[in-house]
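> Please see the structure below; I have some questions.
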Amino acid sequence: MGNLPKAFGQSVRRKEDPRLITGAGRYTDDQQLPQQAWAAFVRSPIAHANIGEVDTSAALEHPGVVGVLTGAEFAASGLNDLACGWMIHSRNGDPMRVGEHPALASQRVRYVGEPVAVVVADSRQAARAAAELVMVDYDELPVVSDVEAAAAPDAVVLHDAAPGNQCYDWEIGNRDAVRKALDEAAHVTEIRLINNRLVPNAMEPRAVNASYDASRDRYTLYVASQNPHGLRMTLAAVIGFGPEHKIRVISEDVGGGFGSKAFNYAEEVVCMWAAKRLGRPVKWTAERSESFLTDAHGRDHITTARLAMDANHRITALDVSTHANLGAYLSTFGSLVPTYVYATLLSGQYDIPNIYANVVTRYTNTTPVDAYRGAGRPEAGYVVERLVDVAARELGIDPAEFRRQNFIRTFPHATPVEMTYDSGDFQAHLDKALDMIDAAGFEARREASRAEGKLRGLGIGCYIEAAGIGPSARLGKLGSGAGLWESAEIRVNPTGSVEVLTGCHSHGQSHETTYAQLVADRFGISVDDVEILHGDTDVVQFGMGTYGSRSGPVGLSAIDMACDKIVAKAEKIAAHLLNVPADTVTFEDGEFASEATNERLGFAEVALNAYTAHHFPTTEIEPGLKETTFFDPPDFNFPAGTHVCEVEVDPATGVVRIARFVAVDDFGVIGNPMVVEGQVHGGLVQGIGQALLEQARYDDYGQLLSGSYMDYCMPRADDVPDFDVGFTETRSTTNPLGMKGCGEAGSIGSPPAVINAICDALGIRHIDMPATPEKVWRAVTSAA
Amino acid sequence: MYPFNYHKPSSVDEAVSLFLDAEDPAYLSGGMTLIPTMKQRLAMPTDLVDLSGVQAMRGIERQDQKLVLGAFTRHAEVARSEVVAQAIPALAHLAGLIGDNQVRYRGTIGGSVANSDPAADYPAAVVALGAEVVTNKRTISSADYFQDLFETALEPGEMIVRIELPIPRRAAYRKFPNPASRYAVVGVMVAQFDNGVQVGVTGAGPCAFRASTLEAALAADLRPEALAGVDIPDAGFNADLHASAEYRAHLVGVMARRAVADLLAS
C-alpha cells in the first residue's frame, strides 16, 4: 500500500493486446444471435439514374430467402431520411441546401454503391446469391463526379433542393481587410492545390447485427461504431425508431475507424427496420469492395490561396478559396469538415493579422465525403504549409527561417478565424526536429545523393490543430446539433477494485490501458484493478464517442474529475473511521491520513466501509462509492508540432524514397508515451499514404477506378522509413490534465512535409498529391 | 463464389480427360488469379480440375543447357532452389519478386504462363530466354506462345506440363512494381547467350514480347550506355491509373539499362 510506482506517464503495455492479438476480440461480426439471418444489399451499379421497376420475384424464390425489401417499401415505412448533424449557413444567411437522403433509394440513385434494396436470408451466401436476382430498371442520367464540373451552368443537378449542386457558399474572416493587405503587400504568393480524395480503409469493415425483441418492444443493435450513444440518439430522434430507451446500441471491439465509423449509415437503419419487419436478427458485414464504395471518403478539396507579405517578410494576410466535394449526399458531419474544422485552422502556427476564406461545397455523383483522420485540419495545414514554403523560396529565404520570423510567440493568441490558441512553443519543436534530422548535415547528404544520380530534398511541415472537440455552447452557436462534453462514471467496488464507465469509445486508442493508468494513480491501486467499460448504451450512462482527438483531453478529464468526487467522499468516510475532523484528512499514494492521528487507512478499507456503512452516519453521507461527471471543455486544445521529411528521388523513374522522417509533437501532458508514439506512427503512415500513394479516382461515368487494393495503394511497411519521434511539452489550459489530442496529428503534419521535400529535391514550385512516380518523373523531365 | 465440382487427378491424362468431360471447366494450379475471380463471381466454372496431385508437373531439373521446371512448381520453390540459383540466378531473383510470401507459396509458373497476365513477371523470362512451353500435346516456342492480352497459343483443354528454359551465360531481371498491386508496371529481362543478347519485356504491352531494337543495340555494345538513344515506341502499350503508355515506354528503357548493368556486374 502506498508504494506503487506511478503508472500515468509510463509506457505501460496495452492491457487489450492479449485479447486482440490472440483472436479473442469480440467484433460485431462475431456476434451470433438465435435465428440469425443475413442481409445482402442490392446496390446501384450506375452513378446517376432514375429508378424504374424493381422486380424482386426471382430473389424471393431463391432458397433460404426470408424477405426482400425495396426502397419503395422503405419510403412507406414512415422512417426518416439520414441527416447531417451540423447546420452551416451560406454567407448570404441562407441555410445549407440539403438533398433528400433515404436509407434505401426508391426514386433516384446518385452514386455507385447506393443501396436500393436488401435481401435477408438464412445464410450470407443465399442472401448474396438472391441479391443478384433482384432486377432494377435504371434510367440513366448525366453524371458529374468532379467538384469543378459540378459548378458548370449546364451541369446535371443532383438534388432539386440544391440548384447548381451547391450546398452552401460559406465564408469566415474579414474579406475587405484581406483585399487591402493584398493590395498593399510587398510580395504575394499564390498557389492552387488539390487535396486528394481518400478511402478510409479501417481494418475491420463496417458491420451491423440488428435484432428486435417484440415482447419488450426493444431493438438491440450491434454495430461497428465510434459513437454508440450518438448513433442511438440519431436512430431514435432523427430516423424515428422510437424513444432511446427502446434501443440498445453495442459496439464492443471495433477494428479501427479513422472517422469513418462515427457516422449514421444506411445499413444500420435498414437492418433495424428489416429485423422488426421480418422477425429475425439481421446481420451485415461489408465486403471490402462495399467499404470502398460506401464508407464515407475523406478530403477532396480544390483550393486557391494567396499569402501577402510586407517588405520585412512578415505575413500580412491570407486569402483562401476552396471548392469542396461533398459527394452525392450530406453525410453526418459532411458540412462541418470543410468549414469550422478547416478554415478556422488556416492561421497555422503564424501570426497572420488578416485571414479570409470562402468555401463552396457541391454535390457530385460520388460516395459521400465526411471526416477522415484529421478532418479539415490536414486540408488547412496543407494549404498553409505549402504556401509558406513556396513564399520562402520565392523570397529566397530559408523556409525554416521564414517560419521562425512569422511564428506566434505569445499565448493566448486569438487568430482572425475563431480560434484562440491557449499554449504552445512552436520554435521549440521546430528547433528540436531540425536537430533530430541533422538538418546541418543535409547539404552533405544531398551531395552524396547527387553523386549517385539521385535528388535529395528536405521538407518541413509545421502543423497546428484544434483537438478535443469540444466546447458545447460554442459549437452549438457554430451549428452543431449536439453537445460535445464527455461523461465518466466511476464505480469503486467494496473490495477496492474499480470500474470506469466512459462515453468515449476505443477502436484502437488503448483506453483500457491509458485510462486505467490515471485511475490507478489517483487511487493508489494497480492498473490491473481498474476495468474500463465502454461501447454499450445499457452499461454506460451517456457519451459522445471518440473522434476529433477527444478521448484524452475530454474523456480522460471527465474521469479525472470523477476521481476527485470519489476522493472527496472517501475522505469524509475516512474522517469518521479515523475519528478526526473531516478537514484534516488527506489522501495521497493510496493512503488516507490526518495530522490528528498516526493511524492510516488504505483505499480498499475505506471502499469496504463505504458499502458496509457501519461507521458513518448515513443520514449525512450516503452509502456506496460511485460518482458521475460530465466534463465540458471550455475550449479546444491545440496540439502542434514540426514534421521534417527527407526524400531521395530517382530522377530516372520518379520513385520517391523517404530517407528520414522526424516528427516532434507538443501533446501537452502525455499519459502513455508508447501509445502516443503508436498514434503518431499510424498518422504518419496515413499522411505519407496521402502524399505519395493513395487516391480515390472516378471516371467520367462516376465509376470508382481505384475500388480495390489492386489499384488503391495502401501504404505498407516497406513504403515508410523508421520514424524518429520526439516530444515537447506545453500544458493545455483547457482541461485539468493539461493534455492535447494526439490521434490525428500524424496525418496533418506529414503531407506538406513530404511534398515540400519533393519540391525541394526537384527544385519545383508545386506537385499535387499523390506524388506518384509518373507525376514526379514528368516534373523532373519538365524541370530539366 | 458459386458452387462447382472439384476434381483432383493424379496424372496429366486424367486431368485432361476430366477437363474435356466437364461442361465449363477450369484447371486449378496455384489459383492466384482464378480463385479471387471466382470469389468476385466474375468466373463461375462448373468444374475445377486441381493439378496439385499431378506428380509429372512438379520438379526442378537441370538437363545439360536447359533448366526444366514442372508447370506446378511454386514461385517460392524457384526463388529458393539451388539448381535455379546455379543455372539462372536471375530467374530465382524474378520469382522472389512476385507478389508477396502468400502468393509465392501458392502461385505456380505454369499458372502464370498459362494465364498470360500482361503484368506477370515470368513471361519476361520465358521470352527473354527463348523457353519452350511443353504441353500435354506439343512443344510451343516462346516466340509463338504469347499472343495478346490473356491470350496464348494454348487450345481449349490444352495444359502446360513443363517449361524448358535455355541457360544463358548471364541474365538479369529488373522490375518496376505497381505500388498498389506489386505486379510489374514494366519488367525487363536481359539474357546473354553465346550467339547474342535477348531482351524480354513484360508489363508494357498486352503480352510479353522481345524488344528487338534493344537487342540490336546490345548486340553491338553490351553496356547500359548503348541503350541511351534507342527509341522505344509506345504504340499499343498499356495505359492505366498508374502509368501512361509513354511512361511505360520510358521505364522499359530505364529497366533495360539497369538490367544490363546488373548483368555485367553478375
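> Name the longest site-free stretch of chain A, where the excluded sites are GluC sites (Glu not before Pro) in a DSSP loop with no more than 11 other beta-carbon atoms within 10 Å. Don't jump to the answer; show the numbers that get you there.
Values: sites that count: A:452, A:595, A:620.
Of all site-free stretches, the longest is A:1-451.
> I would also like to ask the following. Determine the gain in length on full extension of the stretch residue A:674-residue A:450; use 0.36 nm per residue of separation and subtract their C-alpha separation, reporting nm with one decimal. Mind showing how you got there, number by number?
On the way: separation 224, 0.36 × 224 = 80.64 nm, distance 3.71 nm.
Extending this stretch completely gives an extra 76.9 nm.
> Can you work out the base-10 log of I(q)/I(0) for the protein assembly as shown at q = 0.06, 0.07 1/Å, using the Debye formula on its C-alpha atoms alone?
Normalising to I(0) and taking log10 leaves -0.53, -0.72.
> Right, another one. Per-residue accessible area for residue A:187 at 1.4 Å probe radius, Å² rounded to 10?
Residue A:187 exposes around 50 Å² with every protein chain in place.
> Taking the Cα centre of chain A as origin, work out the dipole magnitude from +1 charges on Lys and Arg Cβ and -1 charges on Asp and Glu Cβ, in debye rounded to 20.
Numbers: 66 positive and 103 negative charges, 94 e Å.
The calculated dipole for chain A is roughly 440 debye.
> Do any residues of the range B:220-266 lose at least 30 Å² of accessible area when the full set of protein chains is present rather than just their chain alone, and if so which, with a 1.4 Å probe?
Checking the loss per residue gives B:241, B:242, B:246, B:247, B:250, B:258.
> Same structure again: Quick check: at a probe of 1.4 Å, how many percent of the accessible area of chain B sits on carbon and sulfur atoms? Mind dumping the intermediate values first?
On the way: 5570 of 11190 Å².
Ligands and nucleic acids excluded, carbon and sulfur give 50 percent.
> If R₀ is 60 angstrom, what is the calculated FRET efficiency for the pair residue A:404 and residue A:597, using the beta carbon separation as r and rounding to 0.05?
Working: r = 58 Å, r/R0 = 0.97.
Given R0 = 60 Å and the Cβ-Cβ separation, E is 0.55.
> Find which of B:196, A:670, A:159 sits farthest along the positive direction of the dipole of the protein assembly as shown, computed with +1 on the beta-carbon of Lys and Arg, -1 on that of Asp and Glu, about the Cα centre.
B:196
> PRE reach from residue A:187 (point 7 Å along Cα→Cβ): which of the range A:304-325 fall under 14 Å by backbone N?
A:307-317
> Could you work out the longest stretch of chain A that avoids the trypsin sites (Lys or Arg not before Pro) located in DSSP loops with at most 16 other Cβ atoms within 10 Å? It would help to have the intermediate numbers written out before the result.
Working: sites that count: A:6, A:13, A:26, A:91, A:216, A:314, A:409, A:697, A:716, A:731, A:765.
Within chain A, the longest run free of exposed trypsin sites (Lys or Arg not before Pro) spans A:410-696.
> Still on this structure, I have one more. Placing +1 at every Lys and Arg Cβ and -1 at every Asp and Glu Cβ, with all other atoms neutral, what dipole size does chain B have around its Cα centre, in debye to the nearest 20? Can you show the working numbers first?
Details: 23 positive and 30 negative charges, 181 e Å.
Dipole of chain B, to the nearest 20 debye: 880 debye.
> Under 28 Å Cα-Cα from residue A:572, which lysines qualify once same-chain neighbours fewer than 8 residues away are excluded?
Within the straight-line cut-off, residue A:572 pairs with A:6, A:626.
> Based on the Cβ-Cβ distance of residue B:103 and residue A:705, what FRET efficiency does E = 1/(1 + (r/R0)^6) give at R0 = 25 Å, to the nearest 0.05? List each step's numbers first, then the result.
Values: r = 23 Å, r/R0 = 0.93.
Approximately 0.60, to the nearest 0.05.
> Roughly how many percent of the accessible protein surface of the range A:355-395 is carbon and sulfur, given a 1.4 Å probe and a whole-percent answer? Can you show the working numbers first?
Working: 220 of 430 Å².
With neighbouring chains kept in place, the figure for the range A:355-395 is 51 percent.
> With unit charges on the beta carbons (Lys and Arg positive, Asp and Glu negative) and the dipole taken about the Cα centre of the range A:410-510, which residue among A:504, A:428, A:441 sits farthest to the positive side?
Going by the charge dipole, the pick is A:441.
> Under a straight-distance cross-link criterion of Cα-Cα below 21 Å, which lysines are reachable from residue A:283, leaving out those fewer than 8 residues away in the same chain?
Hits, sequence-local ones excluded: A:246, A:261, B:39.
> While we're looking at this one, here's another question. Any idea what the dipole of the range B:5-52 comes to, in debye rounded to 20, about its Cα centre with Lys/Arg Cβ at +1 and Asp/Glu Cβ at -1? Let's see the in-between values first.
Values: 3 positive and 7 negative charges, 70 e Å.
In debye, rounded to 20, the range B:5-52 gives about 340.
> Also, I was wondering about something else. Subtract the Cα-Cα distance of residue A:50 and residue A:161 from 0.36 nm times their separation in residues, and report this length gain in nm to one decimal.
38.3 nm
> At a 10 angstrom cut-off on C-beta neighbours, averaged per residue, how do the peptides B:238-244, B:137-143, A:555-561, A:750-756 rank from highest to lowest? Don't jump to the answer; show the numbers that get you there.
On the way: B:238-244: 18.0, B:137-143: 14.7, A:555-561: 26.0, A:750-756: 30.7.
Listed from highest to lowest mean packing, they are A:750-756, A:555-561, B:238-244, B:137-143.
> Let me ask another. How far is it, in nm, from the label point at residue A:4 to the one at residue A:140 when both lie 7 Å from their Cα along the line to the Cβ?
6.6
> While we're on this one: Within the range A:464-492, find all residues whose amide N lies under 18 Å from a label point positioned 7 Å from the Cα of residue A:572 along Cα-to-beta-carbon.
So the set is A:490-492.
> Excluding residues on the same chain fewer than 8 positions from residue A:740, give the aspartates and glutamates whose Cα lies under 17 Å from its Cα.
Output for residue A:740: A:422, A:425, A:465, A:486, A:560, A:632, A:635, A:665, A:666, A:677, A:729.
> Would you jot down the residues in the range A:747-784 that end up with at least 50 Å² less accessible area in the complete protein assembly than in the chain alone, with a 1.4 Å probe?
A:774, A:777
> Distance in nm between label sites at residue A:151 and residue A:697, each 7 Å beyond Cα in the beta-carbon direction?
2.4
> A follow-up question, please. Rounded to whole Hz and in sequence order, give me ³J(HN,Hα) for the range A:274-288 from the Karplus expression 6.51 cos²θ - 1.76 cosθ + 1.60, θ = phi - 60°, writing x for Gly and Pro.
5, 4, 6, 5, 9, x, 9, x, 10, 10, 9, 10, 4, 7, 4
> Turning to a different aspect of this structure: Only loop residues by DSSP count here, and only those with at most 16 other Cβ atoms within 10 Å; note down the chymotrypsin sites (Phe, Trp or Tyr not before Pro) in the range B:1-30 that meet that. Let's see the in-between values first.
Details: sites: B:4, B:6, B:19, B:27; in loops: B:4.
Hits after loop and neighbour filter: nothing returned.
> Quick one: divide the alpha-carbon radius of gyration of chain B by 2.2 N^0.38 Å and tell me what you get.
On the way: Rg = 18.2 Å, N = 266, 2.2 N^0.38 = 18.4 Å.
Output field value: 0.99.
> To continue, here is another question. Over all directions, how big on average is the projection of the convex hull of the alpha-carbon atoms in the range B:5-52, in square nanometres? Mind dumping the intermediate values first?
On the way: hull surface 12.1 nm².
The directionally averaged projection comes out at 3.0 nm².
> Buried accessible area between B and A (1.4 Å probe, both chains summed, ligands and nucleic acids excluded), in Å² to the nearest 100? Mind dumping the intermediate values first?
Details: alone 12130 and 28210 Å², together 38520 Å².
Its buried surface, counting both partners, is about 1800 Å².
> Lys/Arg Cβ at +1, Asp/Glu Cβ at -1, dipole of the range B:207-255 taken about the Cα centre: which of B:235, B:224, B:209 is farthest positive-ward?
B:209
> Ok, one more. When a/c is below 1.5 the answer is rounded, else prolate if a/b is larger than b/c, else oblate, so apply that to the range A:1-40 with a ≥ b ≥ c taken from the square roots of the Cα gyration tensor eigenvalues. All intermediate terms of the calculation are to be shown ahead of the outcome.
Values: a/c = 4.55, a/b = 3.46, b/c = 1.31.
Prolate.
> Measuring with a 1.4 Å probe in the full set of protein chains, what accessible area per residue, in whole Å², belongs to the protein assembly as shown?
Values: 38520 Å² over 1050 residues.
Heavy-atom SASA per residue in the protein assembly as shown reads 37 Å².
The values are calculated or read from the model by the stated rules, or taken from the named source; none is laboratory data. As the structure is a computational prediction, the values presented were derived from the model and not from experiment. All Cβ positions, even for glycine, are placed from backbone atoms using ideal geometry, and neighbour counts span all protein chains on display. Ligands, DNA and RNA are stripped out before the accessible areas are found, and what is left, the full protein with its side chains, is counted by its heavy atoms. Shrake-Rupley method; radii C 1.70, N 1.55, O 1.52, S 1.80 Å.
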